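Taken together, the values in this text are just the output of simple stated rules run on the coordinates, not laboratory data. Just so it is clear, the model here is predicted, and its values are computed rather than measured. Every residue, glycine among them, receives a Cβ derived from its backbone with ideal geometry; neighbour counts consider all protein chains shown.
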Amino acid sequence: MRTVGVEEELLVVDGESGRPVSVADRVLRRAEPDHAGDGQGETDQPGGSIGAELQRQQVETDTPPRTDLGELETDLQAWRDVAVRAARASGARILAVGTSPTEVAPLAHRNERYEVIMEKYGSTSAEQLTCGCHVHVSVESDEEAIAALDRMRVWFPSLLAITGNSPFWQGRDTHYASYRSQVIARWPSSGTPDLFGSPEAYRQRVQAMVDTGVLLDPGMVYWDARASAEYPTLEVRIADVCLDVRDTMLLAALSRALVDTASDEWRNGIPPADVPSSMLRLASWQAARDGVRGSLLDPASMQPRPVEEVLQGLVEHVRPALKANEDDVFVEQRLAEVLREGNGATRQRAVLDKTGSMLDVVADIARVTAGLDS
């Protein structure tokens, strides 16, 4: 069974105003005693890490690879708890949210690479305070990674629809379920890549992009998914960080099943669907706009269909893999809940509609992030 690991970017906000606050360094220092343990090999933290991100108003956690998704969920919530405790000690809160509901002026960490990024990309980087979720699914080879990427790409918009958790930007409703995806699209290397066909073609494309001088290095290839440069994994990057950790688990289960299914198709000689990237960009925009309320573009026809039909089509597409991984019951149940109750964006808007207060939205996000409400 394939392993799965998850990276979550989390927002740090002031405990009273709810506005993002530049205390990530302080939060990370507060987290260090937990990580150090008692010096006898014991620690209060799970495996993995917590560290800095581009902006000083966010932190990032990552888990070790797991085959059991129950263990992965425990890791994810434990790391959220570490961040929540450290933030509370710093007078702040932690939010699992794609973009800040309140107004924000991002402030970058000061290191050599980030300073070059801030200088080169101007407002694109200066305004880039977004939080995503990256799922790493293990692969056996570079060949398998690229074969899976080629065959999975048509389903990435469906994953975005499920995880949409960024309806607000600078204190206003954007009319998107995932406005984070629109902000990410400002980078020159974002979006769904073309078909590659081989690891050699993939590496050549990445090198050609870097050789233009537009990108600093291969780490700035911000495609919706990519072959990891550090681990033997395929990294699915399209999702917003999820408000509810159960939605993160849904994303992880579907990502693993998609890799399994795509790899089986590759071994059986089934070619990938030759859908132009320009069409998949439209599909991603539609998913970002409607989330799980409205329509999505069907991966086969690229025509609009009800969200429920497209997402159920995704489950049917990967059902054998879900059963083999014993994830099918959970996926069916959680997807039904998401379709009925909505995603993170739905919940944020419901709180605002009920209370009229963006601070109440922030407070609700903080409670769910801490595992106190769901």
Check your understanding: Out of VAL135, ASN165, CYS242, whose Cα points farthest toward the positive end of the dipole of the chain (charges: +1 Lys, Arg; -1 Asp, Glu; placed on Cβ)?
Key -> ASN165
Point to revise | Cα-based helix-to-principal-axis angle, 245-267 vs the chain, degrees rounded to 10 | key: 20
Practice item. Calculate how steeply helix 112-121 sits against the longest principal axis of the alpha-carbon atoms of the chain, using the helix alpha-carbon long axis, and give the answer as 0 to 90 degrees to the nearest 10. Key: 70
Practice item. Please work out which option in (i) 17.7; (ii) 22.7; (iii) 20.4 gives mean projected area of the Cα convex hull in nm² calculated from these coordinates, and answer with its label. Key: (i)
Review point. Of THR233, THR74, THR248, which is the most mobile in a GNM of the chain whose springs link Cα atoms less than 10 angstrom apart?
Key: THR74
Study note, to complete from the structure: Once the dipole of the chain is set up from charges on Cβ (+1 Lys and Arg, -1 Asp and Glu), the residue from the list GLY48, GLN204, VAL310 lying farthest towards its positive end is VAL310
Exercise for review: Indicate, rounded to the nearest 5 percent, the antiparallel portion of the DSSP beta bridges found entirely in the chain.
Suggested key: 95
Exercise for review: Report, as a whole number in µm² per second, the diffusion coefficient that Stokes-Einstein gives for the range 279-337 at 4 °C and 1.567 mPa s using the Kirkwood radius over alpha carbon pairs.
Suggested key: 106
Check your understanding: Restricting attention to the range 262-354, which GluC sites (Glu not before Pro) occupy a DSSP loop and are surrounded by at most 12 other Cβ atoms within 10 Å?
Key -> GLU326
Practice item. Taking only Cα atoms and a 10 Å spring cutoff, compute GNM fluctuations for the chain and point out the largest among ALA336, ALA262, ALA108. Key: ALA336
